[in-house]
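Data first, discussion second: the structure below is written as structure tokens.
The numbers here are math on the coordinates, done by the rules we state, and not lab data. Just so we're clear, the structure is a prediction, and the values are computed from it rather than from any experiment. No Cβ is skipped: glycine too gets one built from the backbone with ideal geometry, and neighbour counts run over all protein chains shown.
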């Protein structure tokens, strides 16, 4: 069982090279925080069990705060390196959403 103390919290960190393929309009939370929802596409070849495996996926992502305003200026098709964490799309949902905490254009 994982140690969940403050000094050693469980890991939930995602790094992904992706392309911005869809973007909704910038909106604001009830607290006034800028929010940008988008769709990211990733493709890579990874090693698994000694063999190569091609991975292609699309993942829903959300940017919040200052980086939402920065991401809103990106062109569709922009290549990005994103870092963030996974959380359920809504309470009690099984669908995951990538919450982007950092990004840089490639």
Order these by the 10 Å Cβ neighbour count, fewest first: 90, 41. 90, 41
With a 10 Å Cβ neighbour count serving as the proxy for reagent exposure, in which order, fewest first, do 97, 20 appear? 97, 20
For Rg/Rh (Cα atoms, Kirkwood Rh), with candidates (i) 0.94; (ii) 1.02; (iii) 1.06, the value calculated from the shown model is option (ii)
